[in-house]
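S.K.: To start, I am sharing the structure in question, which I have written as structure tokens.
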Amino acid sequence: EVGLGKTVQALMIVNALRFQDPTHRTLVVVPDNLLSQWQDECWTKGHVMPALVGASDFDSANLPSVTLVRPRDMTIRDDEGGRIFQVDSQVFDLLIVDEPQTMPRDAVQTISQIAGGFRQVLVLSATPRLG
């Protein structure tokens, strides 16, 4: 259900994994409408300042423990001929996908292709649809 704290629970998992291994890195694929929630809760509840792919201060060489990416920033763009962000399962340990049923089909296909390379995958959904 919406509002039951899935984001906070996911951040508790992230922090438990970071406690076990301080080099643990998490990639969160999050739709635009949930981006500010993730940014706020990473800081206020998870006590980590996440990086945001596509932000002016994004530095792929110096990633914090949590990186947020919008679906559009990980898919191929016809007008630019390339990806904004190349997901690397060698850099990230955990892949969190929030509300995949609200994402464009090409983003979901990209996620399904890369998910197998991650050691850990967590999918969050409050509004599942059959189909």
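The values are calculated or read from the model by the stated rules, or taken from the named source; none is laboratory data. What you are looking at is a predicted structure, and each value in this text was computed from that prediction instead of being measured. All Cβ positions, glycine included, derive from the backbone under ideal geometry; neighbour counts span all protein chains shown. SASA here: full protein model, heavy atoms, side chains in, ligands and nucleic acids out. Shrake-Rupley method; radii C 1.70, N 1.55, O 1.52, S 1.80 Å.
S.K.: Restrict the check to the stretch 34-45 and report whether at least one residue is hydroxyl-bearing (Ser, Thr, Tyr) and open to solvent by 50 Å² or more (accessible area, probe 1.4 Å). I'd like the intermediate steps shown before the answer.
M.R.: Narrowing the stretch 34-45 to residues hydroxyl-bearing (Ser, Thr, Tyr): 36, 44.
Now restrict to residues that are open to solvent by 50 Å² or more (accessible area, probe 1.4 Å): 36, 44.
Within the stretch 34-45 (the criterion being hydroxyl-bearing (Ser, Thr, Tyr) and open to solvent by 50 Å² or more (accessible area, probe 1.4 Å)), the answer is yes, since at least one residue qualifies.
S.K.: Could you list all residues from the stretch 44-65 that are part of a loop (DSSP other than H, G, I, E, B) and of a type in the set (A, V, I, L, M, F, W, C)?
M.R.: If the condition is that a residue be part of a loop (DSSP other than H, G, I, E, B) and of a type in the set (A, V, I, L, M, F, W, C), then Val48, Met49, Val53, Ala55, Phe58, Ala61, Leu63 are the ones that fit.
Results for (1) at pLDDT below 90; (2) touching a helix residue (DSSP H, G or I) at 6+ places or on another chain (Cβ under 7 Å); (3) surrounded by fewer than 16 Cβ atoms within 10 Å (Cβ to Cβ); (4) among the aliphatic types (A, V, I, L, M), shown as yes or no for each residue.
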| site | (1), (2), (3), (4) |
| --- | --- |
| Asn62 | yes, no, yes, no |
| Val69 | no, no, no, yes |
| Ile76 | yes, no, yes, yes |
| Phe92 | no, no, no, no |
| Asp106 | yes, no, yes, no |
| Pro128 | yes, yes, yes, no |
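S.K.: While we're on this one: Exactly one condition in (1) open to solvent by 40 Å² or more (accessible area, probe 1.4 Å); (2) part of a helix (DSSP H, G or I) is not met by Val14; state its number.
M.R.: (1)
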